[in-house]
1. Using the structure shown, decide if Leu270 is part of a helix (DSSP H, G or I), buried (at least 16 other Cβ atoms within 10 Å of the Cβ) and not polar (S, T, N, Q).
2. I'd like to know if the stretch 278-295 contains one or more residues that are farther than 25 Å from Asn332 by Cβ and either buried (at least 21 other Cβ atoms within 10 Å of the Cβ) or of a type outside the set (Asp, Glu) (or both).
3. Given the condition polar (S, T, N, Q), under 28 Å from Asn362 (Cα atoms) and at pLDDT below 95, answer yes or no: does some residue in the stretch 211-219 qualify?
4. What number of residues in the stretch 224-267 are touching a helix residue (DSSP H, G or I) at 6+ places or on another chain (Cβ under 8 Å), at pLDDT below 90 and surrounded by fewer than 17 Cβ atoms within 10 Å (Cβ to Cβ)?
5. If a residue counts only when it is touching a His at 6+ places or on another chain (Cβ under 8 Å) and not charged (D, E, K, R), which strands (runs of 3 or more DSSP E) contained entirely in the stretch 305-411 have at least 1 such residues?
6. If you check every pair at least six apart or on different chains, which have Cβ atoms under 9 Å apart with a residue in the stretch 78-104 that is more than 21 Å from Ser48 (Cβ to Cβ) and part of a helix (DSSP H, G or I) first and a residue that is of a type in the set (D, E, K, R) and at pLDDT 95 or above second?
7. When the stretch 105-126 is examined, which residues are found to be assigned to a strand (DSSP E or B), out of contact with any Asp or Glu (no Cβ under 8 Å at 6 or more places or on another chain) and open to solvent by less than 50 Å² (accessible area, probe 1.4 Å)?
8. Looking for whichever is more than 30 Å from Ser365 (Cα to Cα), without any contact (Cβ under 8 Å) to a residue 40 or more places away in the chain and open to solvent by 10 Å² or more (accessible area, probe 1.4 Å) here; the options are Asp448, Asp444. Which one fits?
Amino acid sequence: MRRIFAAGLVLLSLGLAQKTLVAATNNEPPHLNPAITTAGNVNTVAGSIYNGLVGLDANANPVPELAERWEVRDNGKTYVFFLRQGVRWHDGQPFTSADVKFTFEEVLLKFHARTRAGLEGTLTRIETPNASTVIFRFANPYAPLLRRLDNIEAPIIPRHIYQGSDPLNNPVNQRPIGTGPFKFGEWQRGQQVILLKNENYWRQGFPRLDRVVYRFIPNSSAAAAALERSEIDYLWGVGGADVARLRQVQTVRLERNPAGAGGSYCINTLVPNLRNQYLKNPRVRQAFYHAINREFILERVNFGQGRVARGPIASTLPFFDPNIPNYPFDLNRANQLLDEAGFPRRAGGVRFQIKFTFAATNFGSLGDVLKDQLRQAGIDLVLEPLDFNAAVDKVYVKKDFDLGVASLCGGPDPDIGVKRLLTSKNIGPIAFSNGSLYVNPLVDALLDRAVQTMDNDRRIAIYRQLQQVVARDLPYFWLVETEGYRGYRSTVQDIQIWRSNAFENATVGGN
């Protein structure tokens with residue numbers, strides 16, 4: 001059988017005996033090393049290549065993966081993991097506790113924004129008494145550890161490949177070696193990545209597919225059309241404009257996805273540079289937020305998929321504080337605050353300019369809406385659409401921006417994802433870290449206190465206090481808690497959409 005993967009570009013002969021799943025994603029990743037970034041386009045592909053010590057089930061509860069079992073000792077200050085026997089890397093080398101220690105100490109704690117923010121300063125050491133045992137020791141009790149060890153938060157990479165190299169520039173980032181169900185096959189730049197079945201996967205009988213092909217289709221409508229025509233089998237995100245049409249297609253199934261891979265709850269968030277001459281002013285930030293009609297953005301940009309956001313913690317989580325200060329759409333209040341801040345309207349009604357740097361494929365429609373809304377308050381929003389990777393580099397690495405935007409995702413615990421955005425310890429040239437350059441010692445102290453508290457009710461109270469402080473400071477502008485749809489052909493079975501590795505159990509009929 002032959003399937004056209006990209007019009008006029010590639011014909012790939014699959015063979016009748018091969019079971020192949022073709023998945024579409026909108027952004028081509030810059031590399032495939034998820035230990036050095038939290039970027040979704042990297043994890044979309046690499047999630048099938050790597051494992052974590054622990055996985056997460058559909059309810060974000062920890063389940064064994066590279067660690068068969070574990071023990072929590074010393075009231076949460078010590079975690080002992082007993083590793084699975086017989087696991088091998090894709091190049092045939094054995095997986096051992098040395099790989100875990102190296103991954104955390106030399107890579108995750110230096111380059112992974114969420115891991116660094118959560119564990120730096122509290123994880124005192126990692127011990128490897130033998131090849132199959134890893135011990136994490138903390139200075140104080142650390143409650144959320146088990147939920148931050150899946151292959152999104154802590155993918156384990158091979159020590160024998162990365163030791164002695166710069167993990168940011170190691171060429172293996174382009175042809176990765178993991179322990180996961182699929183191994184790297186081929187990267188056809190600008191078109192697709194092909195992964196092949198790991199015949200020696202530690203979970204016997206899996207994967208059931210022979211290969212997974214990740215096609216890059218930047219236009220969401222084009223991707224939806226490809227699914228409708230059965231040119232692809234799985235679509236990571238169905239554009240809001242395409243949902244109603246695809247519901248009517250008998251060969252397509254849609255499944256609502258309240259959380260992303262690894263139990264992550266994502267919020268489309270504006271990232272102000274708090275060193276900008278205008279945005280560093282608290283009154284300006286309050287005015288900015290009042291000038292944005294989030295309800296309109298939810299309905300017109302996100303097609304009603306999700307909820308209006310009010311803070312850094314998703315409203316569906318028990319940690320959310322429903323009483324945090326809100327900034328409803330109010331143009332009169334926005335204009336009043338800007339006048340009080342000392343920025344009157346000049347000729348043409350403009351008070352000042354703000355440059356908005358964003359990934360064109362992800363936030364183009366949002367940019368147009370924001371420009372129109374902020375104009376009503378006298379703010380001239382200058383749009384700077386870039387390639388996804390270029391936008392991330394300019395905002396998070398170079399810090400050369402006024403206002404950025406990202407889909408910022410947190411896990412089932414606020415220490416996973418939310419802390420990295422707020423702690424002053426996580427300001428640096430790291431993608432999706434504390435991009436606004438926010439510093440508040442009280443927030444730092446509350447974040448530290450929350451993870452040292454093993455009682456869940458007390459942790460909730462601390463995080464609710466934290467939200468009160470952050471909502472007054474406004475280091476970010478939270479727009480929409482996104483909820484989307486995954487789309488797949490009716491012949492696809494046993495996809496687990498809550499996992500970054502959605503295809504380990506999957507199979508496809510009709511290839």
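1. Criteria not met by Leu270.
2. No, that holds for no residue.
3. Scanning the stretch 211-219 turns up at least one residue that is polar (S, T, N, Q), under 28 Å from Asn362 (Cα atoms) and at pLDDT below 95.
4. 1
5. Numbers: elements: 306-308, 352-359, 379-386, 403-410.
By residue number, no strands (runs of 3 or more DSSP E) qualify.
6. Correct list of pairs: Ser97/Glu127; Ala98/Arg159; Lys101/Glu127; Lys101/Arg159; Phe102/Arg159.
7. From the stretch 105-126, those assigned to a strand (DSSP E or B) are 123-126; that's our starting set.
With the extra rule that they be out of contact with any Asp or Glu (no Cβ under 8 Å at 6 or more places or on another chain), the set shrinks to 123-125.
Selection gives Leu123 alone.
8. Going through Asp448, Asp444 in turn, the sole match is Asp444.
The values are calculated or read from the model by the stated rules, or taken from the named source; none is laboratory data. Computed from a predicted model, the values in this text were never measured in an experiment. All Cβ positions, even for glycine, are placed from backbone atoms using ideal geometry, and neighbour counts span all protein chains on display. When the accessible area is computed, the model is the full protein with side chains, heavy atoms only, and any ligands, DNA or RNA have been set aside. Shrake-Rupley method; radii C 1.70, N 1.55, O 1.52, S 1.80 Å.
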